[in-house]
Amino acid sequence: MPDTQYVVAIDQGTTSSRAIVFDHGGQIVAVGQKEHQQIFPRAGWVEHDPAEIWTNVRDVVGQALGRASITAKDVAAVGITNQRETAVVWDRKTGKPVYNAIVWQDTRTQKIADELGALGGGADRYKSKVGLPLATYFSGPKIRWILDNVDGAREAAERGDLAFGNTDSWVLWNMTGGVDGGVHVTDVTNASRTMLMNLDSLTWNEEIAGEMGIPLSMLPEIRSSSEIYGNDREGGLLAGVPISGILGDQQAATFGQACFEVGHAKNTYGTGNFMLLNTGTSPVPSKNGLLTTLCYKIGDQAPVYALEGSIAVTGSLIQWLRDNLGLITSAPEVEELARSVDDNGGAYFVPAFSGLFAPYWRADARGALVGLTRYVTKAHIARAALEATAFQTREVLDAMNADSGVDLSELKVDGGMVQDELLMQFQADILGVPVIRPKVAETTALGAAYAAGIAVGYWSGEQDVIDNWAEDKRWEPSMEDAERDRQYRLWKKAVTKTFDWVDDDVS
Ligand code: ADP
């Protein structure tokens, strides 16, 4: 281990940016955090201001270093993890974004996705190459939208003046000097969320970029998730420190949870849920509505792939109960309310608020609360809302088992909702396998720190991650098989009630 003692992870997330200082044992020493504005110009549109994000990143690094009472000389490496798919396009000469960042949840590119699908192959047009269905979720069509809709952007892009990146590349470019020699790089995990990267060769697919009208000169260089990309700029708070790890947030959590063997999986419970299953060194195509994506690549080692089940609405349904219905005043209250009854009273709540993601990918679905009778109270609805997270997770797990041919024997969990013990027990009951929460719940930042630390020799490799990982709590399934089957059958029936809701005159 070098003389320097800490690794800093920058977690550029959807709602906030954070910097966390970790020690060699993988423990948190200090945290800095700042939220940024969520910009909703119209229904379905979600934007962030990239300049605000960059300012906040600098602020939170300052907060974290200050709280840890350390300076750049005490830091061995910096890792970056980020909200994935969110697209930033900026001018390399001025360093200014040409438009706000278009966020992963934004649905404005539905028409572009439909038009590309209509060229042949429908939603699966590019799936065999990039592992993803055509959907509004991914970066490529968002870049196309910016080039089509911002005055002069297409011409500037064709002159080679514009650069694209997810927020990892935006932060890295600025940290390494911006207009003064900033490094324009991304890692394989972020690149695998653009719809533009060949899964097998880890290179940009010129044909797809051509069909989307995206000049290759805009795209960052694709590198591994753990290597030195550059050093923090002169005058920066971390001046001279190597920036040596990048992982998209869900992949970083998978890394931080030490899911290094084929068949290991983690599930993150946040705004939405994201389950990733390590499938080893070759990509596994999904027949069951999952995404094939990069899991990580350490330096020159072979890339590791994952199957991913993305669920759009889980924790945000609890926020909806709080903000839109006023049923609770804070998210943790949902557990108390739900515990005041023994079961869901027959109510099932399918939160298809923006259609259904995995495993259905139905843009035509909308939310439904079914099974209602005079008996049902707000406590049953709170319970049904929590159970919705567990049922959706079961559907994703079933798809994982079917795609991989191996039955998962346990599930590691993290994210804000895993504090909810009622949900965790119900999750174990509905899956029929143990659910395990680790001691360090900040698995996303931790994963990015490990990737960065491994690249500079601060940690020797995956074994250090495995050794540092520790279990906090485990929930064992206790529901009878027949009852589990009955509830899951009713959930599946409830899901069918959400299909086909969106007609031409319904948005
Ligand atoms: P993200 O990283 O996506 O912003 P977090 O991992 O911070 O999300 O998780 C926050 C989410 O968890 C919120 O959507 C909130 O509604 C939900 N949440 C937080 N605490 C609880 C709880 N005790 N029970 C149920 N849901 C909760």
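For the chain, list the DSSP H helices whose alpha carbon atoms reach 30 Å or more along the long axis and whose average Kyte-Doolittle value is -1.0 or above? Provide the component values of the computation, followed by the final result.
Working: long enough: 378-404 (39 Å, -0.14).
Span-like helices here: 378-404.
Using only the alpha-carbon atoms of the range 273-378 as identical scatterers, what base-10 log of I(q)/I(0) does the Debye formula give at q = 0.16 Å⁻¹?
Log-scaled intensity ratios, in q order: -0.85.
Please list, ordered by chain and number, the residues whose modelled amide H lies under 5 Å from the amide H of F353; skip anything fewer than 5 residues away on the same chain.
G367
Extending each Cα 7 Å along its Cβ direction at D91 and E115, get the distance between those two points in nm, one decimal.
2.5
Per-residue ellipticity at 222 nm for the chain, helices alone: DSSP H runs ≥ 4 residues times -39500 (n - 2.57), over residue total, nearest 500 deg cm²/dmol?
Result for the chain, helices only: -10000 deg cm²/dmol.
Project the alpha carbons of the chain onto their principal axes and report the range along each, largest first, in whole Å.
The principal-axis extents, from largest down, are 66, 52, 43 Å.
With a cap of 14 neighbouring Cβ atoms within 10 Å, and only residues DSSP puts in a loop, list the trypsin sites (Lys or Arg not before Pro) found in the range 378-456.
K439
Could you tell me which of the pairs K34/K73; K142/K493; K297/K473; K287/K493; K34/K439 are separated by over 27 angstrom between their Cα atoms in the structure shown?
K142/K493; K297/K473
Once you have the Cα-Cα distance between D485 and E462, take 0.36 nm times their residue separation minus that, and quote the gain in nm to one decimal.
Working it through step by step, the gained length comes to 4.5 nm.
Rounded to whole Å, give me the distance from the Cα center of the range 56-129 to that of the range 268-340.
18
Work out how far the C-alpha atoms of the range 443-502 reach from end to end along every principal axis, then list the three figures in whole Å, largest first.
In descending order, the Cα extents are 53, 38, 14 Å.
Taking the Cα centre of the chain as origin, work out the dipole magnitude from +1 charges on Lys and Arg Cβ and -1 charges on Asp and Glu Cβ, in debye rounded to 20.
Dipole size: approximately 620 debye.
Would you mind computing, in nm to one decimal, how far apart the modelled labels at Q27 and L372 are, each placed 7 Å from Cα along Cα→Cβ?
Taking the simple label geometry, Q27 and L372 are separated by 5.1 nm.
Which trypsin sites (Lys or Arg not before Pro) in the range 136-211 pass both tests, a DSSP loop state and at most 16 other beta-carbon atoms within 10 Å?
Filter output for the range 136-211: R159.
Relative to the Cα centre, what is the charge dipole magnitude of the range 78-172, using +1 at the beta carbon of each Lys and Arg, -1 at the beta carbon of each Asp and Glu, and rounding to the nearest 20 debye?
Dipole magnitude for the range 78-172 comes out near 160 debye.
So what J values fall out for the range 365-372 if you push phi through Karplus, 6.51 cos²θ - 1.76 cosθ + 1.60 with θ = phi - 60°, rounded to Hz, Gly and Pro as x?
With coefficients 6.51, -1.76 and 1.60, one gets 8, 9, x, 8, 10, 10, x, 6 Hz.
Can you pull out the GluC sites (Glu not before Pro) in the range 182-279 whose DSSP state is coil and whose Cβ has at most 14 other Cβ atoms within 10 Å? The partial results should precede the final answer.
On the way: sites: E206, E207, E211, E221, E227, E234, E261; in loops: E234, E261.
Qualifying residues, ordered by number: E234, E261.
For the charge dipole of the range 165-288, defined by +1 on Lys and Arg C-beta atoms and -1 on Asp and Glu C-beta atoms about the Cα centroid, which residue among S225, Q257, H184 has the Cα displaced farthest towards the positive pole?
It is Q257.
Suppose we keep just the DSSP beta bridges with both residues in the chain; what percent of those would be antiparallel, to 5?
70
If each of A302 and T55 carries a label point 7 Å out from its Cα toward its Cβ, how far apart are those two points in nm?
Inter-label distance under the simple model: 4.8 nm.
Taking 0.36 nm per residue of separation and subtracting the Cα-Cα distance, what length does fully extending T329 through D180 add? Mind showing how you got there, number by number?
On the way: separation 149, 0.36 × 149 = 53.64 nm, distance 4.80 nm.
My answer for the length gained is 48.8 nm.
Return the sequence-ordered ³J(HN,Hα) values of the range 25-42 in whole Hz as given by the Karplus equation 6.51 cos²θ - 1.76 cosθ + 1.60 applied to θ = phi - 60°, using x for Gly and Pro.
Each residue of the range 25-42 in turn: x, x, 8, 6, 9, 7, 9, x, 8, 8, 7, 10, 5, 9, 9, 10, x, 7 Hz.
Which one of F274, V29, V350 is farthest out on the positive end of the charge dipole of the chain, using unit charges on Cβ (Lys, Arg +1; Asp, Glu -1) and the Cα centre as origin?
V350
Any read-out appearing in this document is the output of simple, stated calculations on the displayed coordinates, not a laboratory observation. Computed from a predicted model, the values in this text were never measured in an experiment. So basically every Cβ, Gly included, is an ideal-geometry build from the backbone, and we count neighbours across all protein chains shown.
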